[in-house]
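K.L.:
Take a look at this one; I'll ask things after.
Every number in this text was worked out from the coordinates using simple rules, so none of it is lab data. No experiment lies behind these values; they were computed from the predicted model shown. Using ideal geometry, Cβ is built from the backbone for each residue, glycine included, and neighbour counts are taken over all protein chains shown.
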Amino acid sequence: MFFVEYILMKKLLTISLILIPLFLFSQEKKLYRKAVNSEDLNKKIELFSQVIKLNPKNLDAYFYRAIAKDEKGDYTGAIVDYSKIIIEDPDADTYLNRGNSRFNIGDFEAAKLDYAKAYELDKNLINARYSLGCVKYDLGDYNGAFLDFNSIVQNFFYRQKSIVIPIHVYKSLLMRAQVYEALGNNLKAIKDYSIIIYIKPNDENYYNRGKLLMNMKLYKYANADFKKSVLLNKNNAYAYFYRGASYLFLGKYLNAISDFSEAIKFDTMDFDAHLGLAMAYNNVKDPNNARLNFNRANTMLSIGENIKTIEQYRNTFWFQNQYYYFNNNVIKLAKLN
């Protein structure tokens, strides 16, 4: 009798040992499905955490929990989860995502390593190459950034089979133009901006090329780009300011007054626009309005009437970009008080 009971208990124990893992696996799948379908980030993180508790080897749960943490802004928590996967079974997507999280907390050097590793593991992961170029740009490695953006652009146009420009190529062209600017190669930057405008002729792209043309002192061409920018977006306050500046340098002072006044409607504390108005009004022999705007700008800059040196305007557009023109005009404006 004892032997029969022992056999029966042994069978029940065996069945239990089989059923318990099956039950846990079923629970894990159920929780995983609920987590994937949940739109609440906190709930999603909680459910994936339960899945991981049931099965610490479920790397997909770590991956999607990390994504949820990223979306919630918990970049450090996401990095911990991505790192767990990289230790167990490294892959390009996880390196890319961890790089993004590291970038978001300002750890650019670590992000650069992750992006480089992601691209090394998967040469078809263009986002990794693009992100690598971006982080190099932010680190001031413009030559390195150029290699990345240029590679993406050149590879597309070399293998081009369609007239449709993919988003990663368009974004790489934008960044390559900025790299050219940073390297002082303005002509190549202009060429890239012109291609970009051909692809997408929007207000922002005309504005960007116009700013570069301003820096090159090609005011007539810059003015034309700012006109296009304003035409496409009448709420682009910066385009009004820069078009006003280009009119000022072209000697079209009434046009400059109109544009600077428009810029101030968007931001009444725009001291650069007030300084622009002061210079334009002074050039049309309107000392009262010139003095009024000059004093307003000085108040905003905490200068008041105590003008000792042009260095007091070091934080202005005019000091940083048009020093000699501005210096001559400040001397004239200071005499109005």
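K.L.:
Sort largest first and round to whole Å: the equivalent ellipsoid semi-axes of region 128-210, each the square root of five times a Cα gyration tensor eigenvalue. Walk me through the numbers before you get to the answer.
P.N.:
On the way: eigenvalues 69, 58, 22 Å².
Equivalent-ellipsoid dimensions as semi-axes: 19, 17, 11 Å.
K.L.:
Against the 2.2 N^0.38 Å scaling, with N counting residues, where does region 36-87 land? I'd like the Cα-based Rg ratio to two decimal places. Before the final figure, lay out each step's value.
P.N.:
On the way: Rg = 10.0 Å, N = 52, 2.2 N^0.38 = 9.9 Å.
With N residues counted in region 36-87, Rg over 2.2 N^0.38 Å equals 1.01.
K.L.:
Restricting things to alpha carbons, find the Rg to Rh ratio for the chain using the Kirkwood radius for Rh. Please list the in-between numbers first.
P.N.:
Details: Rg = 30.4 Å, Rh = 24.8 Å.
Ratio value, two decimals: 1.23.
K.L.:
Charges only on Cβ, +1 for Lys and Arg, -1 for Asp and Glu: so what's the dipole of the chain about the Cα centre, in debye to the nearest 20?
P.N.:
Values: 45 positive and 35 negative charges, 163 e Å.
Using only the charged Cβ atoms, the result is roughly 780 debye.
K.L.:
Normalise the Debye intensity by I(0) for region 76-133, one equal point scatterer per Cα, no solvent, then take log10 at q = 0.19, 0.20, 0.28 Å⁻¹ and round to two decimals.
P.N.:
For region 76-133, the Cα-only Debye profile gives -0.55, -0.61, -1.11.
K.L.:
Over all directions, what mean area does the Cα convex hull of region 88-235 project, stated in square nanometres?
P.N.:
Details: hull surface 41.1 nm².
Approximately 10.3 nm², given one-decimal rounding.
K.L.:
Between rounded, prolate and oblate, where does region 267-337 land on the alpha carbon gyration tensor, with a ≥ b ≥ c its root eigenvalues, rounded for a/c under 1.5, else prolate if a/b exceeds b/c? Please list the in-between numbers first.
P.N.:
Details: a/c = 1.26, a/b = 1.17, b/c = 1.08.
Rounded, since a/c falls under 1.5.
K.L.:
May I pose another question? Taking all pairs of distinct Cα atoms, average 1/r, flip it, and tell me the Kirkwood hydrodynamic radius of region 201-254 in Å to one decimal place.
P.N.:
Details: mean 1/r = 0.0956 Å⁻¹.
When all Cα pairs of region 201-254 are included, the Kirkwood radius is 10.5 Å.
K.L.:
Can you compute 3J(HN,Hα) from phi for each residue in region 211-216, using the Karplus curve 6.51 cos²θ - 1.76 cosθ + 1.60 with θ = phi - 60°, rounded to whole Hz and x for Gly and Pro?
P.N.:
Result, ordered by residue: 4, 5, 4, 4, 4, 8 Hz.
K.L.:
Regarding region 36-172, what are the three Cα extents along the principal axes, ordered largest first, in Å?
P.N.:
Cα spread of region 36-172 along its principal axes, largest to smallest: 50, 33, 26 Å.
K.L.:
When you count, for each residue, the other Cβ atoms within 10 Å and take the mean per peptide, how do 265-273, 279-287 rank with the highest first? Numbers along the way, then the final one.
P.N.:
On the way: 265-273: 17.0, 279-287: 18.6.
Highest to lowest by the protection proxy: 279-287, 265-273.
K.L.:
Greater than 25 Å separation of Cα atoms is the criterion. Which listed pairs, Lys191/Lys252; Lys44/Lys136; Lys69/Lys112; Lys72/Lys234; Lys188/Lys234, meet it? Present the calculation step by step, with values, prior to reporting the outcome.
P.N.:
Working: Lys191/Lys252 28 Å; Lys44/Lys136 34 Å; Lys69/Lys112 21 Å; Lys72/Lys234 35 Å; Lys188/Lys234 29 Å.
The answer is Lys191/Lys252; Lys44/Lys136; Lys72/Lys234; Lys188/Lys234.
K.L.:
Taking every pair of alpha-carbon atoms in region 109-174, what share in percent sits in each 10 Å bin, from 0 to the bin with the longest distance?
P.N.:
Here the calculated profile for region 109-174 is 22, 54, 21, 3.
K.L.:
Right, here's the next one. Counting each DSSP H run of 4 or more residues in the chain as -39500 (n - 2.57), what helix-only mean residue ellipticity at 222 nm follows after dividing by all residues, to the nearest 500 deg cm²/dmol? If you can, show how the numbers build up before the last one.
P.N.:
Working: 18 runs with 264 residues, N = 337.
For the chain, the value works out to -25500 deg cm²/dmol.
K.L.:
Tell me, what is the Rg over Rh of region 164-295, with Rh the Kirkwood radius over Cα pairs? Show your work: numbers first, answer last.
P.N.:
Details: Rg = 16.2 Å, Rh = 15.4 Å.
Using only Cα positions, Rg/Rh for region 164-295 is 1.05.
K.L.:
Take peptides 95-102, 137-144 and line them up by average Cβ neighbours within 10 Å, highest first, as a rough protection proxy. Could you put the intermediate results ahead of the total?
P.N.:
Working: 95-102: 24.6, 137-144: 14.8.
Ranking, from highest mean packing down: 95-102, 137-144.
K.L.:
So, one more: How far is helix 219-232 tilted, in degrees, relative to the longest principal axis of the Cα atoms in the chain, given as a value from 0 to 90 rounded to the nearest 10?
P.N.:
The helix 219-232 is inclined about 50 degrees to the chain.
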